[in-house]
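Heads up: the structure comes next, in structure tokens.
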Amino acid sequence: MPDRGGGPTGPRMRVGRPSRRVRTLLMTLGVLAVLAMAFVMFAGFWTDWLWYRSVKYSSVFTTTLWTKIGLFAVFGLLMAAAVGLNIWLAHRLRPPLSAMSLEQQSLDRYRMSIAPYKKWVLIGVTALVGLIAGASATGQWRTWMMWINGVPFGTKDPQFQLDVSFYAFELPWYRFLLGFGFAATVLSLLAAALTHYLYGGLRITSPGARATAAATGHLSVLLGVFVSLKAVAYWLDRYGLAVKSSDFKATGNWTGLRYVDANAYLPAKTILFCIAVICALLFFATLWRRTWQLPVIGFGLMVLSAILIGGLYPAIVQKFQVQPNEQAKEAEYIRKNIAATREAYGIEGAKITDYGGKGDAEAEDGAKLRKDANAAASYRMMDPNVVSPAFQQLQQRRNYYTFPATLDVDRYKTEDGKTQDTVVGLRELDITGIPKRNWINDHFTYTHGYGAIAADGTGTGKEPAGSPLFTESGLPSSGQFGEYEQRIYYGEKTTQYSIVGGPQKELDYEEDGERTTSYEGDSGVALDNPLNRAAYAVSFSEPQILYSGAIGDGSRILYNRTPKERVEAVAPWLTIDGDAYPAVIDGRVQWIIDAYTTTNGYPYASRTTLGDTTADSLTDTQRAVVAQQNQVNYIRNSVKATVDAYDGTVKLYEWDTEDPVLKTWMKAFPGTVEPKSEIKPSLKAHLRYPQDMFKVQRELLTRYHVTDPAQFYSGSDAWQVPDDPTTKDKESVPPYYLSLRMPGDDAQKFSLTTTFTPNGRPNLGAFMAVDADADSETYGSIRLLKVSETVKGPQQVQSELNGLPEVAEFVRNLRGTDSDIEYGNLLTVPLGKGFLYVEPVYARGGTQKLPLLRMVGASYGEKIVFKQSLSEALNAVFGVEDSEETPPSTEQPPGEEQPEQPPATGDAALKAAIADAQKAYDEAQAALEKDPTDWQAYGKAQADLEAALRRAAEAQGRQQE
């Protein structure tokens, strides 16, 4: 009888086997998992395509995509074919089975285990190496496109007389091909050697021949290919010397050939090329000789030659020929480096003027200097790096609005038609200030900022005193900008996505009641079908996008909303400036972004790292240059881009019409960059010289203002960019936009300025200004005033100012009002025979630390003063008791003048000040009780309280005296 108790033939045999239902369930789950992963990958691709199509730059997406697919396919197949062919060939050339040695007997089990699956092993290995190689090749899409679309520079390098385009566009691609060839050859060699060993073609421990004739020939050919590639590498290395980086004590960072390169490395590379060719031929000859003797000898000679000729000989030349007279030996190559660097960074046209710099108001005509000072510059008393909190408190209006920490300087016409330096900031959305945070509020209700706020750069207001003199203010804002679209859907602070235009209404603004709106632009991607909604739900990891009732007909999703992010996405071949700035143009708020074309392959031009060179005391993550760790040795501000703050429209305009790098990319991406002629005059009026370009150029000019090789080598006239004297951090002083009249000019020009100090010393070494007005015929012209006398530098002026008794008294008075002193931009203006320094000084007081202009410091020659207004400071520093001339600024807004009252003294003054302080405190509390978000009224009350407490402290001090 059968064992029904569960024996070997009983029902227990079926207990451990999964049922058909379980197997079906597992297969279904597996299929669903694969489909889910496939949809996640598809969602990323699909949402990218939809976004590029929404901004009308789908050609960028498709061109880049097909280029990457092509590179992946071609180089993946090439690598797979190379490795697979050599594995197949090694297997085909395997020796017949014979009496096996112990070594081969131990390998027999591996051969037996592989035999049934050798086809699949071959396919798997080749597919793996092909996928890795193809994925690596996709990262070279820029190199490929620059090679295939390269445009000549029209300039030849001084050593090989090749066009610069060879080094910028061709040499990088040849090096990639060479690296790919090395990788394919090495992998093929390893795979073939392993296959030969596995099937007996190679033996390690067995007696007799170590390799069969077939294995010897096969591996020799591969080694011959490797050595041939090495010969090509030696030949390319000759040209690589023109763009090679090295350390050189005269410059630190050196690019290009030096004496030892031209007279030792260059001939050595040529000799090594010839030796490598001969060695490769010896390896190929083993197909007939079937012996390793000559190839091994040749390879050994090549290695020995590389050590002696490529290493030892140049070291001997450097030690015994160059070092004893290095300056003379390197002079020719220093001259080439100077010329190439100045050309590559656009500083070859910098005009250097000797300027004494040591002014003396007593020796000169003080009255004339005072009059000239009015026309010398529009002294910007509103520092855009300081007054943002004043904009925030006086114009924020609601907690969910914010201004950038550093505002921007632009130019606008006044009512009388004059151009005025203006400090501008947009009232952007800050979702952290939303009263009640939830998904609907964050992404549907609160979607945009509202309005541009502007202040006169040279004047101050009186409510409260010392605050910005707003020329555009309010909610909605009104003033000098006229009528324009005020909604800010795209901005520097707008990093979250928003869903607009559907059934859910958006909050427009709150002023005398809540107003709602619905987006009417065509920006963003429509969510009118389930596929798009599902794709975005997956991409943003937000399932509510798929089923929320707040999304319906007309709903559109806005994302990638910062200006720099949008420009970088549509033009990934550009390097983006760190500071996008807004301008009101033709009834729209437009973000203006400067973009650069760069290369790292300009022969002889010294390299710089953008992140290090463009960093200063104001740099943060928002203002850092995109691709900041890129090393470059050629840069042009070739593109001006705009992003519409309402509908996100991106426009790229050609700016440098002669730049071969831009021409190359325009050839690669036709139709993406509009010609320069398409720039409207209204837009051109707001274009300016970019800060990051200026900072790169000023860093290079610390050394490359010198054109004499001997002087350059000695470094005796090297400069440095001074640290910002107004901060405690050891960071470079930022450049300042300033309307300025340089010596010899008839009128002021909107300029970007900076100072230099001699290397290792604090005194002033030079002053640099570039014409930053795009409408000017001399736009981009660089002027350097080289100081030949001992003149105080920015740090010295700041130290002397801090040591004035008036400053100490000012600080003591601030302590009694719970306020802090804050220095604004230290402006430097060439005037007469010297330099005028002007610095606004703010008191940051009250609960919200509102910065208010209280004092102005000025210095000329050896004299330094600290007064209550710019006019008083200029009068004092030039020794003019009272001047009818006033600088082009308004310390108070125009209005009716109040009759002067005799000041109270003694107890009366103290009591009046205390009464005013109590009144201001009561007004501040009342403002908070009435509207906790009305920071304008609260800020005014706090400023009045501060002023009253200061008067009380002064009155008490006089009584004690």
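Read-outs: derived from the displayed coordinates by stated rules, not from any lab. Owing to the predicted nature of the structure, the values given are computational and were not obtained by experimental measurement. Cβ placement follows ideal geometry from the backbone for every residue including glycine, while neighbour counts extend to all protein chains displayed.
Observations
- Shape of the range 332-422, Cα gyration tensor, a/c cut at 1.5: oblate
- Taking Cα centre as origin and charging only the Cβ of basic (Lys, Arg, +1) and acidic (Asp, Glu, -1) residues, the dipole magnitude of the range 259-409 rounds to 780 debye.
- The label point for Tyr547 and the one for Val74, both projected 7 Å from the Cα toward the Cβ, are 4.9 nm apart.
- Additional length obtainable on full extension of the chain from Asp745 to Arg20, 0.36 nm per residue less Cα span: 251.7 nm
- Whole-number percent relative contact order across the chain, with pairs defined as alpha carbons under 8 Å at least 6 apart: 12 percent
- Summarising the label geometry, the points placed 7 Å from Cα in the beta-carbon direction at Phe45 and Lys371 lie 7.6 nm from one another.
- Two-decimal ratio, the range 212-344, of alpha-carbon radius of gyration to 2.2 N^0.38 Å: 1.35
- Fully extended contour minus Cα-Cα distance, from Ser478 to Leu194, at 0.36 nm per residue: 94.3 nm
- Computed over the chain, the alpha-carbon pair-distance distribution with 10 angstrom bins reads 2, 9, 15, 17, 16, 14, 11, 7, 5, 3, 1, 0, 0, 0, each value a whole percent.
- Förster radius 22 Å - calculated FRET efficiency between Asp416 and Asp586, Cβ distance, rounded to 0.05: 0.50
- Helix 58-92 axis, angle to the chain major axis (alpha carbon atoms, nearest 10°): 30 degrees
- Legend: ranking of residues Asp724, Asp647, Asp820 from fewest to most surrounding C-beta atoms inside 10 Å; resulting order Asp820, Asp647, Asp724.
- Projecting the Cα atoms of Ala526, Val40, Pro830 onto the dipole axis of the chain, where Lys and Arg carry +1 and Asp and Glu carry -1 at the beta carbon, places Val40 farthest toward the positive end.
- Extension gain from Lys730 to Ile148, taking 0.36 nm per residue of separation minus the Cα-Cα distance: 205.0 nm
- A Förster distance of 22 Å, applied to the separation of the beta-carbon atoms of Ile271 and Leu236, puts the FRET efficiency at 0.90.
- Among Asp421, Asp372, the order by Cβ neighbours within 10 angstrom, fewest to most, reads Asp372, Asp421.
- Dipole magnitude of the range 745-846, debye to nearest 20 (Cβ charges: Lys/Arg +1, Asp/Glu -1, about Cα centre): 440 debye
- Across the cross-link table entries Lys418/Lys863; Lys493/Lys676; Lys358/Lys695; Lys651/Lys684, which are compared at the Cα atoms, the separations over 22 Å belong to Lys418/Lys863; Lys493/Lys676; Lys358/Lys695.
- Backbone N within the range 791-831 under 13 Å of label point (7 Å from Ala363 Cα along the Cβ vector): 791
- Placing +1 on the Cβ of every Lys and Arg and -1 on the Cβ of every Asp and Glu, with no other charges, gives the chain a dipole of roughly 7820 debye about its Cα centre.
- Among Pro582, Pro384, Val55 the positive-end extreme of the charge dipole of the chain (Cβ point charges): Val55
- Column: log10 I(q)/I(0), Debye, Cα scatterers of the range 432-521, q = 0.12, 0.13, 0.16, 0.24 Å⁻¹: -0.48, -0.55, -0.77, -1.24
- Helix axis angle, 293-307 relative to the chain longest principal axis, alpha carbon, degrees: 20 degrees
- Ordered by the number of other Cβ atoms lying within 10 Å of each residue's own Cβ, fewest first, Leu804, Leu29 fall into the sequence Leu29, Leu804.
- Taking the C-alpha atoms only, the angle from helix 366-376 to the longest principal axis of the chain is near 50 degrees.
- Separation of the Arg92 and Asp354 label points, Cα + 7 Å toward Cβ, nm: 8.0 nm
- Rounded, prolate or oblate (a/c below 1.5 giving rounded, otherwise prolate when a/b exceeds b/c) for the range 645-736 by Cα gyration tensor: oblate
- Kirkwood hydrodynamic radius (C-alpha pairs) into Stokes-Einstein, the range 562-688, 20 °C and 1.002 mPa s, D in µm²/s: 141 µm²/s
- Computed from the Cβ-Cβ distance with R0 of 25 Å, the FRET efficiency linking Ser58 to Ser245 stands at 0.05.
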